[in-house]
Amino acid sequence: MASPVGQSLPVADSLERITGRVDYVLNVELPGMAAGRILRSPVPHARVVAVDASAARRLPGVLAVATGPELVRHGAIEPRYGRFFRDQTVLAVDRVRFAGEPVAAVAAVDEEVADEACRSIEVEYDPLPAVFDAEQALRPDAPLLHDPRPELRAAFGDMLATDSLPSNLCSFFRQRRGDVERGFDASDHVFEDTFSSPAVQHVALEPHVTVARLEGGRLTIWSSTQMPHAIRAQLAELFRLPLAQVRVITLTLGGGFGSKGSLRLEPIATLLAGMAGRPVKITLGRDEEFVTVTKHAATVRLRTGVTRDGLLLAREATALFNTGAYADVGPMVARNAGSAVTGPYRIPNVKVDSMAVWTNLVPAGAFRGFGVSQGAWAYESQADMIAERIGMDPVEFRRRNLLRSGDSYATGEVLHDLHYEELLGRVVAAIGWPPRDQPARQRPAGNGLRPAGADGSKRRGKAVTALIKATITPSTSTAAAKLNEDGSLNVLTSSVEMGQGARTALAQLAAEALDLPFERVLVSEPDTDVTPYDQQTSSSRTTFSMGNAVVRAVRDVRGQLLELAAEAMETAVEDLEPREGRVEVRGAPNQSMSYGDVVRSAQRGNLLGHGSFVTEGGLDPLTGQGVGSVHWHNGAFACEVEVDVQTGRVEVQKIACAVFAGRVVNPRLCELQIEGSNFFGLGQALFEEMVYDDGQIVNPNLADYMIPSFKDVPREIGISLLEHRGAGDIHGVGETSLPPVAPAVANAVYNAVGVRITDLPITPEKVLRGLEARHLVVAQASADIAPA
């Protein structure tokens with residue numbers, strides 16, 4: 001039997017998907033279930049003077065109304081919670097800190113009654129000065145969002161650095177390696193540039209949804225979360241319950257992209273369920289998604305020193321991440337970005353300051369790429385800018401500086417499994433670099449590759465980028481395996497299926513480890529009462545971390561199976577081998593027993609195996625030294641764009657992406673993950689941004705907030721998986737090919753028309769303004785050299 005690993009097997013729930021029978025939390029219905037609704041603040045910063053919910057409580061069909069001040073008076077729950085800082089309350093108590101913050105919540109017999117009840121609640125606000133820009137928030141005269149300073153959880157004291165005095169600086173991360181000033185002194189050129197990227201929305205097809213049931217002191221939650229065990233722990237702490245009394249069930253997610261990690265609706269739904277005495281379901285509308293969690297807006301300033309022949313000697317980086325009103329995972333996003341802002345390059349002298357800053361905007365949290373996108377936007381844009389300034393081909397500039405296996409990174413760790421030469425070579429060949437009508441050396445800006453279109457109004461440009469990304473380290477995954485008396489295998493994990501094919505890949509690994517047909521393996525959905533601990537389904541870690549835990553659990557079963565078979569067949573364990581669902585005597589395949597026969601003969605009912613996989617590492621938050629990742633994901637990306645100089649519209653015509661995947665479990669699923677990352681990146685490059693006006697989101701819907709359509713998908717898509725030739729680690733591929741997309745598109749636009757954009761997204765308006773400014777500059781230069 002051929003190993004299922006390495007084959008493009010169909011996803012395990014393919015039949016359910018094509019027939020529309022996949023279970024989602026959206027579909028959960030319980031007897032007597034009430035509808036929950038949230039009343040949100042209309043202002044970005046204000047004192048909550050009074051909340052009058054008396055009219056809401058009198059409405060027929062209203063079962064419960066909760067307000068922040070009443071929660072404080074009742075004292076039944078912990079007053080504050082948060083992943084890293086205890087800076088958030090379930091409902092606003094004394095202040096609201098962003099427009100959209102929950103102020104009150106209602107449970108009613110149906111959604112219409114709940115909506116009417118919310119409208120009838122009267123809240124008196126006393127407006128306060130607000131701050132929306134991260135840089136302005138750090139000024140001494142900026143209004144403070146949190147005073148006194150929120151408590152940093154003790155467990156993260158050695159991972160995060162923070163001020164002791166009240167300020168809007170939530171946390172900071174420093175990286176120091178070599179002597180950056182000496183590096184600048186030794187450089188022939190020093191370039192300084194600033195790059196910004198806006199807040200964007202995750203836009204998962206499935207919104208946030210939670211069902212809570214609280215009976216007899218036992219809490220059961222059905223939640224669309226990527227972190228069931230973390231949610232369980234936070235709810236237990238918040239509601240002062242033993243962990244054994246909290247159960248979190250997670251069904252298939254309709255997308256997450258990082259948005260479904262921290263506590264979102266679970267505390268409010270739990271609160272209402274307890275008050276109403278019946279289950280409560282809360283489902284967010286699309287407009288509410290926009291005021292629940294976002295990607296961090298960021299500003300990154302790079303000062304980079306380079307020799308005249310293109311060797312990088314020094315980099316100083318300052319990065320500000322706007323984490324919004326509450327910390328969420330902002331401190332870790334800023335840390336992750338800071339540890340990788342040097343990019344996939346050898347830079348001996350490094351100084352990085354990366355900060356998460358509180359402002360009066362929607363809280364920002366985890367987002368696919370986890371801070372690396374904001375950093376790569378800066379360092380890969382600047383790479384092309386530096387290459388042009390020193391008169392070097394941008395691909396050659398990268399090749400001279402790329403990290404190789406055995407090199408030390410800016411974190412101080414020695415890196416392994418780096419394959420940039422081959423990855424870069426693949427995308428360079430696929431995109432056709434250098435262009436045929438250009439020399440290898442960087443050409444004068446804005447000549448364009450060739451005119452296109454009937455009127456010659458379109459110009460084409462190309463670009464190549466590279467990326468390095470960590471996976472969360474340290475981390476922990478545990479799994480259990482149950483071999484049944486018919487020889488089928490259940491694999492129990494808390495990894496969440498959210499479209500990436502996790503259950504399929506884990507089943508393939510389990511089937512290979514026990515030499516079973518893939519169809520005989522079933523991987524569970526998370527249920528914290530039953531499935532073992534997993535840290536999180538994010539950071540492109542599931543197939544690697546949980547995959548290793550699953551294989552260890554199955555090997556535990558395998559060992560028990562062989563011992564029982566040896567006893568039944570009166571032979572030595574070392575003389576047996578499992579093969580295609582049977583245990584055979586080596587060299588005598590006619591002497592064998594099926595797995596089911598072994599289990600039944602031992603009268604065991606089933607065999608249970610357990611496996612754990614723990615990675616070790618961590619970075620000093622004040623020096624950035626240590627082990628930043630158990631392994632570093634590496635990839636390269638290239639694209640060709642077409643720019644209409646009359647309208648400013650940019651169309652991506654062709655993309656090529658190469659990613660190192662280690663050992664590939666399911667090639668087609670890997671390719672789909674990479675394609676999805678590419679399209680995700682195109683949206684952020686060309687369209688996506690949350691627009692605020694005095695703290696109010698003005699485009700909280702999919703009519704005004706633009707995401708890519710199928711018409712925006714490039715005509716040519718080339719995906720290349722670089723795989724280990726033998727056994728080796730599995731490298732996650734769910735995010736590697738997203739961060740390099742935006743800088744590649746920007747560099748290609750510059751390659752086409754000479755317009756350099758440093759603030760995302762790359763809109764037609766910005767291109768046209770750049771073309772106009774470039775025309776004026778050229779015209780002025782011509783006038784300056786014209787004869788008198």
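The values are calculated or read from the model by the stated rules, or taken from the named source; none is laboratory data. Because the structure is a prediction, the values reported are computed rather than measured. Ideal geometry is used to build each Cβ from the backbone, glycine not excepted, and the neighbour counts take in all protein chains shown. With ligands, DNA and RNA removed, areas are computed over all heavy atoms of the protein, side chains included. Shrake-Rupley method; radii C 1.70, N 1.55, O 1.52, S 1.80 Å.
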- Query: Yes or no: L30 over 28 Å from A137 (Cα atoms), open to solvent by 10 Å² or more (accessible area, probe 1.4 Å), part of a helix (DSSP H, G or I) and not acidic (D, E)?
  - Reply: no
- Query: Which one of the conditions (1) outside any loop (DSSP other than H, G, I, E, B); (2) surrounded by fewer than 21 Cβ atoms within 10 Å (Cβ to Cβ); (3) touching a strand residue (DSSP E or B) at 6+ places or on another chain (Cβ under 6 Å) does A636 fail to meet, given that it meets all the rest?
  - Reply: (2)
- Message: So the check is Cβ under 9 Å with 6+ separation or different chains; which pairs have a first residue in region 662-679 that's at positive phi and surrounded by fewer than 20 Cβ atoms within 10 Å (Cβ to Cβ) and a second one that's small (G, A, S) and not in a helix (DSSP H, G or I)?
- Response: none
- Task: Filter region 187-219 down to the residues that are among the aliphatic types (A, V, I, L, M), surrounded by fewer than 19 Cβ atoms within 10 Å (Cβ to Cβ) and under 24 Å from the mean Cα position of the chain (by Cα), then identify the one that is nearest to R315 (Cα to Cα).
- Result: V203
- Note on the structure: Residues of region 623-645 being within 20 Å of R404 (Cβ to Cβ) and not β-branched (V, I, T), in sequence order, are G628, S629, H631, W632, H633, N634, G635, A636, F637
- Within region 49-69, how many residues turn out to be open to solvent by 60 Å² or more (accessible area, probe 1.4 Å), more than 11 Å from I121 (Cβ to Cβ) and not basic (K, R)? 2
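Yes or no, residue by residue, for (1) over 33 Å from the mean Cα position of the chain (by Cα); (2) among the basic types (K, R); (3) part of a loop (DSSP other than H, G, I, E, B):
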site	(1), (2), (3)
F98	no, no, yes
A105	no, no, no
D115	no, no, no
V123	yes, no, no
D126	yes, no, no
L145	no, no, yes
S167	no, no, yes
F172	no, no, no
- Task: Among the residues of region 128-143, count how many are assigned to a helix (DSSP H, G or I) and out of contact with any strand residue (DSSP E or B) (no Cβ under 7 Å at 6 or more places or on another chain).
- Result: 1
- Count, please, the residues in region 285-311 that happen to be open to solvent by 10 Å² or more (accessible area, probe 1.4 Å), touching a Lys or Arg at 6+ places or on another chain (Cβ under 9 Å) and either outside any loop (DSSP other than H, G, I, E, B) or aliphatic (A, V, I, L, M) (or both). 4
- Among residues belonging to region 7-27 that are open to solvent by less than 60 Å² (accessible area, probe 1.4 Å) and either without any contact (Cβ under 8 Å) to a residue 24 or more places away in the chain or of a type outside the set (A, V, I, L, M) (or both), point out the one that is nearest to W222 (Cα to Cα). D13
- Message: Looking only at residues that are surrounded by 17 or more Cβ atoms within 10 Å (Cβ to Cβ) and among the aliphatic types (A, V, I, L, M) in region 139-166, which one is nearest to G628 (Cα to Cα)?
- Response: M159
- What is the number of the single condition among (1) touching a strand residue (DSSP E or B) at 6+ places or on another chain (Cβ under 6 Å); (2) within 22 Å of A463 (Cβ to Cβ); (3) assigned to a loop (DSSP other than H, G, I, E, B); (4) of a type outside the set (K, R) that V664 does not meet? (2)
- Query: Within the set of pairs 6 or more residues apart or between chains, which connect a residue that is under 25 Å from Y692 (Cα atoms) inside region 98-119 to a residue that is at pLDDT below 95 and in a helix (DSSP H, G or I) with Cβ atoms less than 8 Å apart?
  - Reply: V103/G68; A104/G68
- Message: Given the criteria crowded, with 22+ Cβ neighbours inside 10 Å and over 21 Å from L284 (Cβ atoms), does F132 qualify?
- Response: no
- Message: Return the residues of region 393-438 that are open to solvent by less than 30 Å² (accessible area, probe 1.4 Å) and farther than 15 Å from F637 by Cα; say none if nothing qualifies.
- Response: D393, F397, N401, L403, Y409, A410, T411, E413, L415, L418, P435, Q438
- Mind listing just one residue for me: the one in region 261-284 that is without any contact (Cβ under 8 Å) to a residue 60 or more places away in the chain and either more than 24 Å from E70 (Cα to Cα) or among the charged types (D, E, K, R) (or both) and, of those, least open to solvent (accessible area, probe 1.4 Å)? E266
